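Structure first, commentary second.
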Amino acid sequence: MQNAEKQASPPLDAKEAARLLKMNSRTLVRWAMRGYVPAHPLGEGRRRIWRFFEGELLEWVEKQKNGCPRKASGSSLNTAIDAHAKKEIA
């Protein structure tokens, strides 16, 4: 997918992107801060705003399915996913 095609749609905020990925928006922002997902910070400091492009997120999801290398180590990402799953069940 070309860069222009990925960013053809307007950027999504954390709630919209989380809805697309079917996950909690706070978890998504935490993953963005750690570099697990493709994200674009606006501003500086603790109160920065994160924006996400749908094409980049969908491409990232496909890479996760295909077993491509991840930025984060597998164990820390699996720990985050397990914690998220346990929280959703409880």
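Taken together, the values in this text are just the output of simple stated rules run on the coordinates, not laboratory data. It should be emphasised that the depicted structure is a prediction, and the values quoted were computed from it without experimental measurement. Glycine also receives a Cβ, built like all others from the backbone with ideal geometry; neighbour counts cover every protein chain displayed.
Could you list the residues of region 33-65 with an amide nitrogen less than 12 Å from a label point located 7 Å from the Cα of Glu16 in the Cα-to-C-beta direction? Residues 51-55 fall inside that zone.
Note on Glu54, Glu59, Glu44: ascending count of other Cβ atoms within 10 Å places them as Glu44, Glu59, Glu54, the fewest first.
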